[in-house]
Structures are given as C-alpha cells and as structure tokens.
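*Asks:* Take this structure first; my questions come after.
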Amino acid sequence: RLHPSAVQALEAMGIDINQQRSKHLDEFRDQSFDYIVTVCDRVRESCPTFPGDPERVHWSFPDPAAVEGSKQERYHAFEQVALQLVTRIRDLLILIEREQGGKA
C-alpha cells in the first residue's frame, strides 16, 4: 500500500497518486524498457536483468519511511524525496529528449 505521507507530499505538489498501488516487478517482465531507474541502494544491488539491456540509472535516496522523529519531520523526509525525484525525472526527460533529437 502507499505510505500516507507519500500521498500527502505529492498531493501538495499537485500530483494525485491515490489510485496508484505498489507493483511487483513480475508485472513488468514481458515489457521492454529503454531505461531502468533505481532509487535505493539495496534494489540497485539486486536489480534483475531486463531484455534488451536497457540503460540503468541509479539515484540513491534515503528511505523516507525509515525516518524517525515527529510527524512533521517524517513528512518533511517524504517531501524532500518527492522534490528531488521531480527534479531528477525532469532532468532525465530533458537528457533523453536531447539524445533522441541527436539520433534523428
């Protein structure tokens, strides 16, 4: 299930994930990908191989669910990770667009 603080932090950014759910990797086995993005070191080490050898991108984020402290401190951890993810996703999309533009 989705962590309530993740839902709240993204909602504050105008992103509604209420209808989303966590998905097991097996749900994506028959799909092909150009990029695989991992966001925690544990997953990076155990990330399986994918058909077509997609480019791997790793962003090391601390797990906001592991943060201890007040409710506000825990929420702030989710908020910070969400902001960093949005920034990195935007940057990655710009990079991909430039790379694809250079191939055409």
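Readers should treat all values here as calculations from the given coordinates under stated rules, not as data from a laboratory. Keep in mind that this is a model prediction, so the values were computed, not measured. For neighbour counting, all protein chains shown are included, and Cβ atoms are generated from backbone atoms with ideal geometry for every residue, glycine included.
*Asks:* Could you give me the ³J(HN,Hα) list for segment 28-34, computed from phi with Karplus coefficients 6.51, -1.76, 1.60 and θ = phi - 60°, whole Hz, x at Gly and Pro?
*Replies:* Working through the residues one at a time gives 10, 4, 8, 9, 10, 9, 8 Hz.
*Asks:* What is the dipole size for the chain, taken about its Cα centre, with +1 at each Lys and Arg Cβ and -1 at each Asp and Glu Cβ, in debye to the nearest 20?
*Replies:* Working: 13 positive and 17 negative charges, 21 e Å.
Here the size comes out at about 100 debye.
*Asks:* Principal axis lengths of segment 1-72 from Cα atoms, whole Å, largest first?
*Replies:* Projected onto the principal axes, the Cα atoms of segment 1-72 cover 43, 25, 19 Å.
*Asks:* Identify, among His58, Phe33, Val81, the residue whose Cα sits farthest towards the positive end of the charge dipole of the chain, taking +1 on the Cβ of Lys and Arg and -1 on the Cβ of Asp and Glu, with the dipole about the Cα centre.
*Replies:* Value computed over the given set: Val81.
*Asks:* At Ile89 and Gln31, where each label point lies 7 Å from the Cα along Cα→Cβ, what is the point-to-point distance in nanometres?
*Replies:* The two pseudo-label positions are separated by 1.3 nm.
*Asks:* As I understand it, the value is the acute angle between the Cα axis of helix 71-103 and the longest principal axis of the Cα atoms of the chain; what does it come to in degrees, rounded to 10?
*Replies:* So the helix axis and the longest Cα principal axis differ by about 20 degrees.
*Asks:* Going 7 Å from the Cα of Met13 along its beta-carbon direction, which residues of segment 64-83 have the amide nitrogen within less than 18 Å of the resulting point?
*Replies:* 64-67, 73-83, by backbone N distance to the label point.
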